[in-house]
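First up is the structure itself, then whatever we jot down about it.
The values are calculated or read from the model by the stated rules, or taken from the named source; none is laboratory data. Here the structure is a predicted model, which means the values were calculated and not measured. Using ideal geometry, Cβ is built from the backbone for each residue, glycine included, and neighbour counts are taken over all protein chains shown.
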């Protein structure tokens with residue numbers, strides 16, 4: 001099997017992109033796809049030997065569109081590539097992963113995607129970085145989906161039609177769903193694959209990222225929720241219940257009930273407690289379990305905002321552009 005091609009995507013990643021490209025070892029063609037950076041990222045990538053694709057800004061930027069374009073260029077440079085490693089520009093590929101991932105794909109003829117563990121580069125820099133590190137955890141073995149960093153069998157990717165280019169988020173689980181419907185599998189490997197650099201230090205960044213997640217859940221459910229997998233239906237209902245119905249009812253009924261309706265908010269405390277206990281039983285330190293529980297419950301609010309924005313945009317026939325949560329709107 002030939003060396004995997006690598007497709008890196010990014011937008012204004014700066015030093016993170018330099019670390020990303022410098023860490024790539026044992027690959028075939030290396031392609032960097034840029035989505036309208038203003039920090040000189042394309043020139044940086046060219047200096048490091050990558051083939052650069054700059055997406056036309058006349059069309060909305062999405063990670064899905066960037067990855068599709070990157071693979072097209074990689075196959076021009078390396079026509080025989082059987083595998084492609086998709087890599088986000090804020091991540092560093094660790095030595096040994098490409099070999100480990102390729103072994104998994106070689107061992108399972110119907111495995112389309114292999115992904116390893118993700119670790120946060122500066123976990124203790126902020127509570128938001130630590131939340132990301134907790135979020136990346138997943139058990140090894142057969143999986144329903146991967147994240148943006150994954151080693152993919154080109155044959156399967158092409159058969160599924162690639163990423164849905166208009167999705168602003170949630171494109172990886174959506175692709176994996178279509179792959180599974182075609183009889184392909186996804187596997188998580190107990191090997192650290194990348195270091196991720198969230199560089200998330202402000203509450204506003206976390207909020208915007210959660211809004212984007214809510215949009216992704218709503219769009220995923222709209223696309224595939226009627227199928228047998230009920231894709232993201234449960235998640236979307238949970239967001240709307242805890243992030244909209246509970247607080248909305250508590251506030252709207254506060255006057256006619258003399259404030260008794262505010263007791264509905266006690267449901268948040270119960271939900272927080274359940275999440276905390278589940279995390280502690282799974283082996284998390286109490287500090288991490290408490291942080292995860294608090295922000296999982298709090299995230300229901302911005303996620304509900306994202307869901308409502310999607311529903312409104314769909315009703316009005318509008319598309320939402322890429323959400324860059326690292327910058328202030």
| query | When you scan the stretch 151-195, how many residues do you find that are out of contact with any helix residue (DSSP H, G or I) (no Cβ under 7 Å at 6 or more places or on another chain), within 22 Å of residue 135 (Cβ to Cβ) and touching a residue at least 60 places away in the same chain (Cβ under 8 Å)? | reply | 7
| Conditions (1) surrounded by fewer than 23 Cβ atoms within 10 Å (Cβ to Cβ); (2) at pLDDT 95 or above; (3) closer than 22 Å to residue 163 by Cα: number failed by residue 43 | (3)
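For every residue, the table says whether it meets (1) buried (at least 22 other Cβ atoms within 10 Å of the Cβ); (2) over 22 Å from residue 159 (Cβ atoms); (3) at pLDDT 95 or above.
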position: 32; (1), (2), (3): yes, yes, yes
position: 49; (1), (2), (3): no, yes, no
position: 61; (1), (2), (3): no, yes, no
position: 73; (1), (2), (3): no, no, yes
position: 76; (1), (2), (3): no, no, yes
position: 85; (1), (2), (3): yes, no, yes
| query | Going by the structure shown, is residue 175 within 29 Å of residue 319 (Cα to Cα) and surrounded by fewer than 20 Cβ atoms within 10 Å (Cβ to Cβ)? | reply | no
| message | Where the second residue is modelled with pLDDT of 95 or more and assigned to a loop (DSSP other than H, G, I, E, B) and the first is within 9 Å of residue 83 (Cβ to Cβ) and lies in the stretch 93-107, which pairs have Cβ atoms under 6 Å and are six or more apart or on separate chains? | response | 98/4
| remark: Listed by first then second residue, the pairs whose first member lies in the stretch 292-304 and is without any contact (Cβ under 8 Å) to a residue 40 or more places away in the chain, whose partner is part of a helix (DSSP H, G or I), with beta carbons under 7 Å and at least 6 positions apart or on separate chains, are 293/272; 293/275; 293/276; 293/279; 294/272; 296/275
| remark: The helices (runs of 4 or more DSSP H) lying entirely within the stretch 252-329 that contain at least 2 residues which are at pLDDT 85 or above and closer than 30 Å to residue 34 by Cβ are 300-316
| Which of the residues that make up the stretch 7-22 are over 18 Å from the mean Cα position of the chain (by Cα) and either not assigned by TED's automatic domain parsing to the domain that holds residue 55 or not in a loop (DSSP other than H, G, I, E, B) (or both)? | 15, 18, 19, 21, 22
| remark: Among 50, 63, the single one that is in contact with a strand residue (DSSP E or B) (Cβ under 7 Å, 6 or more places away or on another chain), farther than 23 Å from residue 167 by Cα and touching a residue at least 40 places away in the same chain (Cβ under 8 Å) is 50
| request: Tell me the strands (runs of 3 or more DSSP E) entirely within the stretch 114-227 that contain at least 2 residues that are under 18 Å from residue 10 (Cα atoms) and assigned by TED's automatic domain parsing to the domain that holds residue 68. | output: 150-153, 185-196
